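Chemist: Handing you a structure now.
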């Protein structure tokens, strides 16, 4: 695709993503508070904060089947409309259980939205720009999640918690408007004429990929989720205030947003392994050094170390999935890929909780740090195998050494 520029897909691909993320970012900080106002216990309110992620995990495989059945564009529209309705419901429900149901539905819709957008970008962007495109997709989502809480706070100041949910509705409706009005580059809806296979068949046919490269992606997801749990828990262990911990998160989130595009450039020009391994190593080292931090400055330093790793890896999971996905059955494969990542996101905090039942929090951090470093060696082994740059070199080498 000569002369292709990422600007061609900036509005149709990245616009809905950032709007959807802004809405989600506005809602997340008020979920627990609104649950408490509805009469939930502290424990149940904390559980509801994770229901959105549970919905995304539960919806990852069905999302693939839906995208195959109705297409990427329709799936995106359905997901955005359902998200808007879910946030509307969250504004008016009167019981914590109904709030939880609304959050679950929003999570399911989010799974469809994310998968359809990734599948679309993978299809229309040439492989030479794939990592930059998918890193940008992950990066604009993080920008939306960063901006969302500020807009939610502004709306909440004027209209109460209903205002924050209103920002969620506005984000989803905005995504619908962009999807309906923005033009799509040619080729976005020209699927290969191949035999349609079931989700189960595609996952089985590519089981080796999931057991090898997918295991590495699972470890990345575990490390990312563990990081977001370990930093506030260690801050509380040090006796830091919630404000101090929020400052750490704010600074580290800012660092992450600066790194997603340079990381994509490195992956496209040098290869995926040059980001996959360093990103994972930095996350692992951060968790290994967390127990020796005893002050706010120490926690911030460790947070920055992990932020660099997390920022570099903004698009690595999506890029590796796109590289390994079979062109004719991309949505089904990416559904399984997303399942691996979402499963890791669920397991990370569970591992921390399980370890701390019998050992100090430092033991959980050290254990997960060691697991993450082990995962980096696994990625170093398997990422080059699926890297399109590696395949291209192998093809060129084979052609040059052929008979003359």
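Since every read-out is calculated from the coordinates, none of them should be taken as a lab result. Note that this is a predicted model, so its numbers are computed, not measured. Heads up, the Cβs are rebuilt from the backbone with ideal geometry, glycines too, and the neighbour counts pull from every protein chain shown.
Chemist: Is the C-alpha gyration tensor of region 295-367 telling us rounded, prolate or oblate? Criteria: a/c under 1.5 is rounded; beyond that, a/b larger than b/c is prolate, otherwise oblate.
Modeler: oblate
Chemist: Here's a follow-up. Calculate the spin-label point distance for residue 49 paired with residue 200, positioning each point 7 Å from the Cα along the beta-carbon direction, and give it in nanometres.
Modeler: Here the answer is 3.9 nm between the modelled labels.
Chemist: Moving on to the next point. Once all Cα-Cα distances of the chain are split into 10 Å bins that start at 0, what whole-number percent is in each one?
Modeler: Spelled out per bin, shortest first, that is 5, 22, 33, 27, 11, 2, 1, 0.
Chemist: May I pose another question? By how many nm would the segment from residue 374 to residue 228 grow when fully extended, if each residue of separation counts as 0.36 nm and the alpha-carbon distance is taken off? Can you show the working numbers first?
Modeler: Numbers: separation 146, 0.36 × 146 = 52.56 nm, distance 1.99 nm.
Here the answer is 50.6 nm.
Chemist: Turning to a different aspect of this structure: Return the calculated 222 nm mean residue ellipticity for the chain, to the nearest 500 deg cm²/dmol, obtained by summing -39500 (n - 2.57) across DSSP H runs with n ≥ 4 and dividing by the residue count. Please list the in-between numbers first.
Modeler: On the way: 17 runs with 325 residues, N = 404.
Helix contribution divided over all residues of the chain: -27500 deg cm²/dmol.
Chemist: Evaluate the distance, in nm, between pseudo-label points positioned 7 Å from the Cα of residue 42 and of residue 154 along their respective Cα→Cβ axes.
Modeler: About 3.4 nm, to one decimal.
Chemist: While we're on this one: Quick check: residue separation of residue 69 and residue 177 times 0.36 nm, minus the Cα distance between them. What number comes out in nm?
Modeler: On the way: separation 108, 0.36 × 108 = 38.88 nm, distance 2.27 nm.
Between residue 69 and residue 177, full extension yields an extra 36.6 nm.
Chemist: Using the alpha-carbon centroid of each, what span in Å lies between region 193-229 and region 141-159?
Modeler: Taking the Cα centre of each part, region 193-229 and region 141-159 sit 32 Å apart.
Chemist: I'd like the distance separating the alpha-carbon centroids of region 2-29 and region 337-386, in whole Å.
Modeler: Cα centres, region 2-29 to region 337-386: 29 Å.
Chemist: Show me the ranking of peptides 261-268, 163-170, 287-294 by mean Cβ neighbours inside 10 Å, starting with the highest.
Modeler: Numbers: 261-268: 20.5, 163-170: 24.4, 287-294: 18.5.
Averaged packing, sorted descending, gives the order 163-170, 261-268, 287-294.
Chemist: Okay, moving on. Can you bin region 39-100 into rounded, prolate or oblate? Criterion: square roots of the alpha carbon gyration tensor eigenvalues sorted a ≥ b ≥ c, rounded for a/c under 1.5, prolate for a/b above b/c, oblate for the rest. Working shown, then result.
Modeler: Numbers: a/c = 4.27, a/b = 1.90, b/c = 2.25.
It is oblate, given that a/c is not under 1.5 and a/b is not larger than b/c.
Chemist: If you don't mind, there's one more thing I want to ask. If you bin every alpha carbon distance in region 243-365 into 10 Å steps from zero, what whole percent lands in each bin?
Modeler: With 10 Å bins starting at 0, P(r) equals 12, 32, 36, 16, 3, 0.
Chemist: For an R0 of 35 angstrom, estimate the FRET efficiency from the Cβ-Cβ distance between residue 292 and residue 357 and round to the nearest 0.05. Could you put the intermediate results ahead of the total?
Modeler: Numbers: r = 23 Å, r/R0 = 0.66.
The computed FRET efficiency comes out at 0.90.
Chemist: Would you mind putting 241-251, 20-30, 152-162, 369-379 in packing order, based on average other-beta-carbon counts within 10 Å, highest first? Don't skip to the end; give the middle numbers.
Modeler: Numbers: 241-251: 14.2, 20-30: 25.7, 152-162: 15.8, 369-379: 19.5.
Going by the mean number of other Cβ atoms within 10 Å, highest first, we get 20-30, 369-379, 152-162, 241-251.
Chemist: Could you order peptides 68-78, 117-127, 353-363 by the average number of other Cβ atoms within 10 Å of their residues, highest first? Mind showing how you got there, number by number?
Modeler: On the way: 68-78: 19.0, 117-127: 22.5, 353-363: 13.0.
Result, highest mean Cβ count within 10 Å first: 117-127, 68-78, 353-363.
Chemist: Residues of region 209-239 with backbone nitrogen within less than 18 Å of a virtual label 7 Å along the Cα-to-Cβ line of residue 350, please, listed as ranges.
Modeler: 215-230
Chemist: Can I ask one more? Any chance you could run the full-extension gain for residue 238 through residue 208? It's 0.36 nm times the residue separation minus the Cα-Cα distance, nm to one decimal. Walk me through the numbers before you get to the answer.
Modeler: Details: separation 30, 0.36 × 30 = 10.80 nm, distance 4.38 nm.
In short, 6.4 nm is gained.
Chemist: Once R0 is set to 22 Å, what does the formula 1/(1 + (r/R0)^6) return for the Cβ-Cβ distance between residue 98 and residue 249, expressed as a FRET efficiency to the nearest 0.05? Display every interim value, and only then the final one.
Modeler: Values: r = 30 Å, r/R0 = 1.36.
Computed FRET efficiency for residue 98 and residue 249 comes out at 0.15.
Chemist: Just report the Cα centroid separation between region 83-118 and region 33-47, whole Å.
Modeler: Using only Cα atoms to place each centre, the spacing works out to 17 Å.
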